[in-house]
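S.K.: There's a structure below that I have some questions on.
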Amino acid sequence: MKGLMMARGPARLGKSLLPGLLRCSHCGRKLYVEYSGKGRIPRYACRAASQAHGEPMCISFGGLRVDQVVEEKVLGIIQPAMIEASLQAADQQTIQQDQKREALALALEQARYEAERAFRQYNVIEPENRLVALELEKRWNETLERVKTLEKEIAEISSLSEGISQDERNQLLALSEDLPRVWLDERSDMSIKKRIVRTLIEEIIADARTIPSQIELTIHWVGGVHSQVKIERNYRGRHRFSTDKETVDLVRDLAAVMSDGDIARILNRLGPRTTHGNSWTKNRVIALRHSYDINVYNPENLKGLLNMQQAAKHLGISPMSVLRLIQKGIIAARQVLPGAPRLIKEDQLNTEKVRRVVECVKNRIKVPLPDDLNQQLLFSSTHK
């Protein structure tokens with residue numbers, strides 16, 4: 001297996017992150033990468049046996065989530081290591097500079113001693129002995145130049161040997177937050193990302209058959225460390241642009257009582273957006289219904305049900321009066337959510353209870369509370 005792990009091939013072009021690194025856990029062959037969606041959506045598949053021997057394909061799975069999970073793992077390793085290495089390098093540089101400064105200080109002390117000694121020798125020589133005086137003057141000047149050179153070097157090191165400041169440490173730590181942003185930026189070079197991944201990972205063993213609902217990755221990191229990752233597979237009809245369940249359930253309830261255009265207006269008022277961040281239109285509601293097999297609104301399905309306007313016309317009172325009777329609990333109404341039409345069963349409007357209340361409304365008599373009304377009806381029925 002070690003020989004197989006070494007034959008990874010070069011980092012290729014394309015939007016996928018892991019070509020050449022993935023290997024099938026069942027047959028040991030490398031996974032191919034394919035693209036759909038105008039070359040933007042990668043998919044990894046084990047097709048070698050199928051192409052060479054006509055055998056069934058081992059495994060196949062979408063690459064977006066797999067690439068994303070591996071990216072997170074890589075960034076999780078790079079960030080702490082990068083910051084730790086940067087701080088350690090800065091501290092080590094400071095130590096080296098301090099050591100060099102100490103050595104130069106010793107050399108400067110020796111150079112000053114030699115300069116002073118050369119001066120004393122030059123100072124005691126007889127002027128008549130010109131040749132000796134010239135030689136001693138030359139030595140003295142050389143030692144003075146040596147002193148100046150060492151003093152300059154120490155000054156330069158002293159300006160750099162203060163070490164890393166707290167602000168600089170904070171800036172280095174901030175890189176841990178900047179790295180994911182730079183990595184995920186669309187302008188980042190994909191080939192550089194692949195080289196970074198290949199520097200850290202030898203290969204990845206992929207298993208998508210043992211548990212059909214999962215993709216299990218065994219990442220072989222450089223250095224011999226292995227780690228396992230389990231990724232839930234998308235079920236049929238579910239993808240990164242799938243509408244959330246709450247919105248789908250809401251549309252299913254609304255489609256039973258109103259048209260697609262009315263549903264779009266309700267959704268826009270409530271605030272949820274489409275998966276691409278757009279507002280809702282009639283056509284987008286229709287597309288969602290088709291994706292989730294939601295039946296279109298059919299007035300025939302509402303036979304025996306009336307809205308407030310229809311109920312008011314049936315009773316001969318205003319819609320506001322009908323609303324008050326609903327609020328008092330005298331008429332039962334179903335409402336999918338605030339803003340949706342209230343639906344009232346037509347047969348309950350023909351009961352003795354509602355008939356008496358409607359007479360009170362028409363004659364501008366105070367409407368009795370539900371308990372009082374029930375007692376009146378009970379009293380009437382026992383004295384017939």
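S.K.: Where the second residue is part of a helix (DSSP H, G or I) and modelled with pLDDT of 80 or more and the first is β-branched (Val, Ile, Thr) and lies in region 350-366, which pairs have Cβ atoms under 6 Å and are six or more apart or on separate chains?
M.R.: Pairs that qualify, where the first residue is β-branched (Val, Ile, Thr) and the partner is part of a helix (DSSP H, G or I) and modelled with pLDDT of 80 or more, are Val358/Leu315; Val361/Ser321.
S.K.: Tell me, which residue of region 200-228 that is within 24 Å of the chain's Cα centre (by Cα) and β-branched (Val, Ile, Thr) is nearest to Pro19 (Cα to Cα)?
M.R.: Taking the candidates together, the pick is Ile204.
S.K.: Continuing with the same structure: So, in region 280-306, of the ones that are over 29 Å from the mean Cα position of the chain (by Cα) and among the aliphatic types (A, V, I, L, M), which residue ends up surrounded by the fewest Cβ atoms within 10 Å (Cβ to Cβ)?
M.R.: The selected residue is Val296.
S.K.: Condition test on Ala256, is it surrounded by 12 or more Cβ atoms within 10 Å (Cβ to Cβ) and closer than 30 Å to Val358 by Cα?
M.R.: For Ala256, the condition - surrounded by 12 or more Cβ atoms within 10 Å (Cβ to Cβ) and closer than 30 Å to Val358 by Cα - is met.
S.K.: Residue under question is Leu179, and the condition is that it be more than 27 Å from Gly63 (Cα to Cα), surrounded by 14 or more Cβ atoms within 10 Å (Cβ to Cβ), at pLDDT below 75 and under 25 Å from the mean Cα position of the chain (by Cα); does it hold?
M.R.: In short, no.
S.K.: Return the only residue of Glu137, Glu128, Glu145 being surrounded by 13 or more Cβ atoms within 10 Å (Cβ to Cβ), of a type outside the set (A, V, I, L, M) and more than 19 Å from Ser158 (Cα to Cα).
M.R.: Checking each option against the conditions leaves just Glu137.
The values are calculated or read from the model by the stated rules, or taken from the named source; none is laboratory data. Quick caveat: nothing in here was measured; it's all calculated off a predicted structure. Neighbour counts are summed over all protein chains in view; Cβ atoms, including those assigned to glycine, are modelled from backbone coordinates with ideal geometry.
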